[in-house]
Structure formats: C-alpha cells, structure tokens
1. Would you check if Glu221 is under 24 Å from the mean Cα position of the chain (by Cα), surrounded by 24 or more Cβ atoms within 10 Å (Cβ to Cβ) and of a type in the set (D, E, K, R)?
2. Need pairs with beta-carbon distance below 7 Å; first residue over 20 Å from Tyr201 (Cβ atoms) and of a type in the set (Asp, Glu) and within segment 143-168, second part of a helix (DSSP H, G or I) and open to solvent by less than 80 Å² (accessible area, probe 1.4 Å); sequence gap 6+ or separate chains.
3. Within segment 52-71, can one find any residue that is in contact with a Cys (Cβ under 7 Å, 6 or more places away or on another chain) and either under 28 Å from Lys2 (Cβ atoms) or open to solvent by 50 Å² or more (accessible area, probe 1.4 Å) (or both)?
4. Scan segment 79-118 for residues that are open to solvent by 40 Å² or more (accessible area, probe 1.4 Å), among the hydrophobic types (A, V, I, L, M, F, W, C) and farther than 27 Å from Glu222 by Cβ and jot them down.
5. Of the residues Pro97, Pro129, which is farther than 20 Å from Gly182 by Cβ and not aromatic (Phe, Trp, Tyr)?
6. If I filter segment 196-254 down to residues being touching a Lys or Arg at 6+ places or on another chain (Cβ under 9 Å) and of a type in the set (Lys, Arg), which single residue comes out as modelled with the lowest pLDDT?
Amino acid sequence: MKLKLLYSDLKPELDMIEKELEQAVDSESLLLNDASLHLLQAGGKRIRPVFVLLAGKFGNYNIDVMKQVAVPLELIHMASLVHDDVIDDSETRRGKPTVKAEWNNSVAMYTGDFILARALEYISEIDSPKLHHILSKTMIEVCRGEIIQIEDKYKLDQNLRDYLRRIKRKTALLISSSCELGALVSGTDEKTAAHLRRFGYFIGMSFQIIDDILDFTSTDEELGKPAGSDFIQGNITLPILCARKNPEVYSLLKNNLGKELTEPERLHIVKTVRDSTAIDEAKAISERYLQKALEELAYLPKGNANKTMRKIAFFIGKRKF
C-alpha cells in the first residue's frame, strides 16, 4: 500500500496546498522559478502538511487557516533539502537531478534561501506570537542539527546519544512542530497540542531511523540514489553504529570511511551491513519510538484523524522503501 492512500480523504485539501506551494515559489526570476519548481515537481510525501491537517481535525478545522501553517512548513522542509544536497554534494534526489546538479551550488543555495524567505512571508499572515516562537525555535534547532551533522562526519566512534540528538534536530522537530502548530492554529487545548507534539517527535524519530535503515536495505532504483550514500558522504547513521560492534565490520568501515569507493567496494559494504545484526537492532530502536508515538494517540479523542494518524505511524515504522 502507498502512503498517500492512507490519507486519500485529504486529497482535495492537499491539492489546494500543492497549488499554494506552486504560487509560493513563483518569482519574477525565471531561473529561481525553474529551480524552485524543479524541486517541487520532484514530488515528496508531503508528510508535514498531512500532519498539520490531521492535527487540525482535533480542533476547529478550517482549511484556509490550516494551509497558512501547512504551506510554510513544507517550504522550510524543501529549503533544507536544497541546502542538504549542496552540503552532501548529492547528484540525485528521488531519482531526479538535484538543483545543484541541474544548475550549480550558487543557484541551489539562493534557491533554498528564496524558498525559506517565502515560508517566512507566508506564515507572517498568522497573528500568533506563540506560533512564531515555536517555529523560529524549530528552525534554529534544525540549523544546529545540520551543523552538528557536519561536525560529526567521518566520526565512526561517536555514541548513540550523538546520533539521536542529531536526528531529533534534523528531522523529528519539524514533524513535531507540524503536529503542534496544526493543533494550536485550530484552537485545540494545550493538553491535546502537547500530546500531538510528542506524537510528532516520536514518529519523526522512527521515520528517520527507518530512512537510515533503507539506505542499506533498499536498491539504488528504489532509493533514487546509490545505496549506502550516507556512509559514502561520511554520515554515521544507526545501522553503522550497530554494525561497528563487530570487530571485522568495524575494520571494514574504518578503512573505507572517507575513501572514494569503487562500485564493488560500495556494494560489499552495503551487503556487509545489510547481512549483519545491525538492521534488526536499528529496527528495534525505531519500533520503540513507534510504540511511544502510538501511546500518545491513545490519550487523544477517537475519530478519523486519530485513526489515520495511527495508520500513517504504522506505515512509517514498517515501510520497506
């Protein structure tokens, strides 16, 4: 089953948000237009807007209000992807050339800056200091996460806590804020918003761990990029942290970290990690976060939104690619 089928009842609202995203990245500059639309049309799960909308269902749902949060949150995510591709020197994303590959690093950086500025312009329509405070704090933490990832590159001996803090900032907090802001803008009570915030955090952690697992267990075609890309770029993810406990695997990883790998070397490393106990260990940690996310939903009113969030959580925690 595809993820989009789980929230197909939101399709009219998501189509509206997609059009808003296209308008948001519209520019008088043809170059900015082309680069921004190139990224937008590459697709994506739109999981952050989905969580904004679903969280809003626990309050006074109004799509015209909800989209004022959903659109900028997706724009912030998009901007971070463009910048990530420059930092990681990535040629492809979702099977298509990245902005930096299609144009160059300068165009990519300014495209990311432009999209981010559009996000801030869009959300300024909402008159809520609390909402702006949550969003700005989230953006600060996302940036900190990116810097920490750069600092932690090629450090095979980092600990689990370093990794978890990093993915919290890079991924989980923006998903958590999507849930919390969707709740607050729809007028839910503080307790409901807090449960939704924690749900978003836990499912965001599970989401990123599964992403890191799939980097080793999926094919190049499924990923739209070479399997093992995280290791090639020097990013030490959970499967690597688990696999390194084996002395032979540790030596293999250590000796190849930071090297320009041949195709046989890359495939050998991917297969070694895939065939080790690391994948099951990493899945077990993801499962713990998934269960914590489901526990938060148990405190919330029953209904279609709760049911859909539960289905999405299960999908995220169990997805194969």
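The values are calculated or read from the model by the stated rules, or taken from the named source; none is laboratory data. Being a predicted model, the structure only gives us computed values, none of them experimental. Methodologically, a virtual Cβ is constructed for each residue, glycine included, from the backbone with ideal geometry; neighbour enumeration extends over all protein chains shown. Heads up: the accessible areas ignore ligands, DNA and RNA and are worked out on the full protein's heavy atoms, side chains in. Shrake-Rupley method; radii C 1.70, N 1.55, O 1.52, S 1.80 Å.
1. Here the answer is no, as Glu221 does not meet what is asked.
2. Asp152/Asp162; Asp152/Arg166
3. Yes.
4. Within segment 79-118, Met109, Leu116, Ala117 meet the criteria.
5. Pro97
6. Lys225
Here's the yes/no breakdown for (1) in a helix (DSSP H, G or I); (2) modelled with pLDDT of 90 or more:
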{"position": "Ala108", "(1), (2)": "yes, no"}
{"position": "Asp113", "(1), (2)": "yes, yes"}
{"position": "Tyr122", "(1), (2)": "yes, no"}
{"position": "Ile126", "(1), (2)": "no, no"}
{"position": "Asp157", "(1), (2)": "no, yes"}
{"position": "Arg169", "(1), (2)": "yes, yes"}
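Listed here are the residues, each with its yes/no results for (1) within 20 Å of the chain's Cα centre (by Cα); (2) touching a residue at least 24 places away in the same chain (Cβ under 8 Å); (3) not in a helix (DSSP H, G or I).
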| site | (1), (2), (3) |
| --- | --- |
| Glu248 | no, no, no |
| Leu253 | no, yes, no |
| Lys259 | no, no, yes |
| Thr272 | no, yes, no |
| Glu281 | no, yes, no |
| Ala305 | no, yes, no |
| Thr308 | yes, yes, no |
| Lys311 | yes, yes, no |
